[in-house]
Amino acid sequence: MSLLSLSNEVLICYIFSLDTISISDLQSLMVSCRPLYNIIRGSDELWRLKFIQRWGNFLLQTPNSYENDWFEWTTMRLKKAKEVQKAVQNMSSVAYPLGQSPLIVINELIVGSYPIPEYVQNELEEIVYDKKIRENKTTLHYARDVLVKVRISILDKKWRDFMAQPESRKSLFEGVALISQWSTLEHGTGQTCLKDLESSIEKITDRVKQLLELEVGKVSCASTDEPKKKNLKILDSINQVMFNELGFKQLSYFYVSDCNFYSNIQQAFERKEGCPAVLCAIYQEVARKMGIVCEAVYCDQHESNFWIRMMNRPKLLLRWKDSAGSEDDSIYIDVFHGGYYLNQSSLYPSSLREQPAASVDSVLFNMLGVLTHFMWNQYDEHGLERIRDDLSFYLRLKCSMSPQNPNIITWYAEHCIGLGIQLDDAIQLLQNYFQSPEYKPFVGNLFSRSPSKMLEECISKLNEQKAEIAAAKTVHHRPSSLKFSVGLVVICNYKKWRRNFRKPCVIVSWNVKFQESNEWKSKVTNRYYNEEDSDDEEVDEGDEDSDNEEVDEVKVCSRTKKVIPSQDQPHYHILLVDSDEDNPQFQLNVPEETLELLPAAVPIEHDKIWFHFERFDGRRYLPNAEKRAQFPEDEAVTLSLIG
């Protein structure tokens, strides 16, 4: 029986719409004959169904200005999928050994308007959770890295659109949600979802309405209440639902591990705990849906608890004004303390009555300022690697919120230079700053670094990295004297704190002879190999923190020679994790005599390990394609050493 003998309705509704009929099946039918092509191509509903069956409903919130041609969108989505998969598979070849996806590749992937960037993000989320992809840790690393950078680009545009709105159209809830999305950039499919947040607000609002309906049933005269009394009942009901029933409360303290939680409104809904801006945003949005306008306002009063004061400085309140009453009739709502009302003049300073409403921008910048201030203090005090990386994300967010603020952009650029990360992004931000119609010549103080100088330094540092990538394509042929090979898990013997330590590590590369560098001398030598000199030389206490002084070349070289008897012996670059350190992850260049083969290999939990290797097989790390090309003879040696 021919398909063409059936009606179009039967074909579309009962055959082609089946889950077992894939998009590729439809495409094959379309090229088989012209009548089937016309039937399938002309059914927009069929293509909408197939799109959702394959990729879900992430496009259902399409802006009204877009016409949905689901056949065209499905075709475009398939094309983008191939482009993204190819880019991720090839990323290591252009980024090895630094592990950073070039921004130029990201920009090429997402060029175009909605929904192209969203297609790319959706495809990357699928790749990250694909079982086959996850077997190759190098590919997985780049899929995650590209996903984060694509999300930054998408959110960067959302922030620019948000900040360009007039104050009257800005929503604190939307701004806090955008910050929350930024804080979950690395969370895979767990990134904050605006649809979920709106659903949570609706649930609270519905419950408030239920309470009010019950109140109306109890009090027959409620319908004749004056507006002020009605509004106060609504506020009472919001307090009842949020703080008594659901148990929302202040975030009493945030540790290093809670930095992202501080700005994550989705977790605030889940844990019923949040910072002042988050709780105010939730309360204000529920009140808005109930027809009440509550404006944010700052108060000069200080919290008694130190950590609360750090999070809520200056103190953030919500203010409801009775349109028919006087200024003294305003109600001040302390959302951070259970929605407590401050409506008596004795409970707040008289100056608060004349205090203007706080702008949405000021609340968001203050929220971000508290977070970065805390993270920066933790970074300075402990040097925690995780704090450093998170701080980079939030500095980048500040650049999206203030793209014409030279101090913020140069701060971010300086951070990128120091860490050797996201240099192309810093360069793009600086160039956009100079090319903007709003550009004004930079006027700084004695200690400021000008954007033009910072741009030069970023370009110089990026060129150094490009040279390192190019050098990594040079083939290293093994000499017969070399003892170890790339991918081996070995023991590194070193001295620290006048004690001998033995830590497992993995070899990522080697040199026939020691290659000196100032970085190695100042960081590695002083940390790990000069302990023998501590009895011979007296250190002046005033010089312990003189990080800005130049390295004494003669002294450092003499120390190095004491520790390394022969610099002619092979040296190995290793990745080592030292759990006794605040910054536990190290990349070291060590002499061959400090290493010994580890009979039973163990995994090395280092963030940069997948820049070099595809997986750990229980005995050694398998080099990725770029590493195998750089050290072609090492694989056979590794296998012979581990038996």
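The values are calculated or read from the model by the stated rules, or taken from the named source; none is laboratory data. It should be emphasised that the depicted structure is a prediction, and the values quoted were computed from it without experimental measurement. Using ideal geometry, Cβ is built from the backbone for each residue, glycine included, and neighbour counts are taken over all protein chains shown. Areas reflect the complete protein model, heavy atoms only, side chains present, ligands, DNA and RNA absent. Shrake-Rupley method; radii C 1.70, N 1.55, O 1.52, S 1.80 Å.
A few comments on the model shown:
- Euclidean distance of C-alpha centroids, the range 448-488 and the range 572-643, integer Å: 19 Å
- Accessible surface of K209, taken over heavy atoms with a 1.4 Å probe and every protein chain present, rounds to 90 Å².
- Computed accessible area, E9, all protein chains, 1.4 angstrom probe, square angstrom: 120 Å²
- Note: the range 78-196, Cα convex hull, 115 Å³ per residue.
- Cβ-defined net charge surrounding D617, 13 Å radius [Lys, Arg +1; Asp, Glu -1]: +1
- Taking the range 10-161 and dividing mean pair separation by its residue count, relative contact order in percent (alpha carbons under 8 Å, at least six apart): 18 percent
- Cα gyration tensor, the range 1-46 - rounded (a/c under 1.5), prolate or oblate: rounded
- Per residue accessible area in Å² of the range 122-178, where ligands, DNA and RNA are left out and the probe is 1.4 Å: 44 Å²
- A Förster distance of 56 Å, applied to the separation of the beta-carbon atoms of S93 and Y14, puts the FRET efficiency at 0.70.
- Rounded if a/c under 1.5, otherwise prolate or oblate - the range 37-139, Cα gyration tensor axes: prolate
- A simple count of charges around S200, restricted to other residues whose Cβ falls under 15 Å of its Cβ and scoring Lys, Arg +1 and Asp, Glu -1, yields -2.
- Qualifying lysines (Cα of each under 25 Å from Cα of K230; at least 8 residues distant if same chain): K203, K209, K218, K289, K321
- Exposure check, 1.4 Å probe, all protein chains in place: K249 carries approximately 110 Å² of accessible surface.
- Ranking by accessible area, most exposed first, for D568, D145, D236 with a 1.4 Å probe: D568, D236, D145
- Net charge of Cβ neighbours under 12 Å - reference Q165; Lys, Arg +1; Asp, Glu -1: 0
- These residues, V84, V293, go from largest to smallest accessible area, 1.4 Å probe, as V293, V84.
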